[in-house]
Every structure is written in structure tokens, then in C-alpha cells.
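Below you'll find the structure, written out as C-alpha cells, and then a few comments.
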Amino acid sequence: PKPKIFPPPKKENPTKDSICHDCGEIRHWKRNCPRYLAELMKKKKNTTSGAGGLGSKG
């Protein structure tokens, strides 16, 4: 018979011990970092006009 393999127990709050790779603060990941999200929004506003962007290399 096959041995039963149990999945690892789920953590209650996986972000509790996590460190952000963008700002270094604890309790959130980079994708949820307020500083990182603000940078993304700023970049998005700057790149919405014009023909630049991905795939526009000569």
C-alpha cells in the first residue's frame, strides 16, 4: 500500500514574517509594497502616450 502523504499545514498569515524586497519593511511582499506601487503608477502615467514601450526597438 502507498504511504499517506499529508500536505504541510497552512500558515495563518504567510506575510507576517515576510520582508519586502523593494523597501525592506516587514509584513508585506513587493507586489503589495506602497512605495513600489506608487513607482509603478508613476511609470504608467509617463509611458501611456507615444509609440514607445516594449517591442519598439529599431
Residues (modelled with pLDDT of 85 or more, part of a loop (DSSP other than H, G, I, E, B) and loosely packed, with under 12 Cβ neighbours inside 10 Å) located in segment 7-31: His21, Gly24
I'd like to know if segment 33-49 contains one or more residues that are surrounded by 12 or more Cβ atoms within 10 Å (Cβ to Cβ), at pLDDT below 90 and basic (Lys, Arg). no
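The values are calculated or read from the model by the stated rules, or taken from the named source; none is laboratory data. This is a predicted model, so every value here is computed, not measured. Note that we place each Cβ from the backbone using ideal geometry, even for glycine, and neighbour counts take in every protein chain shown.
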